[in-house]
Amino acid sequence: MTKGEAIQAFFSQFLTSYPASAVPQDVVFPWLTYELVTGSWGDGDLSLQVNLWYYTTGEAEPNAMAERMSQAVGHGGVLLPCDGGAIWVKRGSPWCQSVPDADKAVKRRLINLSVEFLTQ
């Protein structure tokens, strides 16, 4: 599995997921977007941002998904196997932020992750 495929598979366990540059026109709420970054051994921690997109009047659903992702990453991070090694996904800071939208029914959560590529 390539690095990109490993990242896609990890995020797809939560919601329908798209790289931020590849969201289809007919996408249906809720969904997740992420900024794909790649690296290799020695690059250190790289920032990876995830956006959760919901259409709802309440805060419970997006907050629950942010918590579910928090539990999946944990405090020590999670290793994603990929070709040539693994990707270490860790908590970024701040973990989660609410991002206002012009449409009050659109609820967006920005999740900050740190990734380290333990790969060639």
Query raised in the report: Looking at the stretch 19-113, which chymotrypsin sites (Phe, Trp or Tyr not before Pro) are DSSP coil and have at most 12 other C-beta atoms within 10 Å of their C-beta?
Result: Trp41
**Report entry** Cα→Cβ-extended label distance, 7 Å offset, between Ser40 and Lys104, nm
**Finding:** 5.2
Report summary line: Sites removed, the longest contiguous part of the chain containing no DSSP-loop GluC sites (Glu not before Pro) with at most 15 other Cβ within 10 Å is 60-120
Query raised in the report: In deg cm²/dmol, rounded to 500, what helix-only [θ] at 222 nm does the chain give when every DSSP H run of at least 4 residues adds -39500 (n - 2.57) and the total is split over its residues?
Result: -6000 deg cm²/dmol
Query - Cα Rg, Dmax (largest Cα-Cα span) when computed across the stretch 3-118, Å - result: 14.2, 44
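Just so you know, all these numbers are worked out from the coordinates, no wet-lab data involved. In this text the structure is predicted, and so the values were computed from the model without any measurement. As a convention, Cβ positions derive from the backbone with ideal geometry for all residues, glycine included, and neighbour counts pool all protein chains shown.
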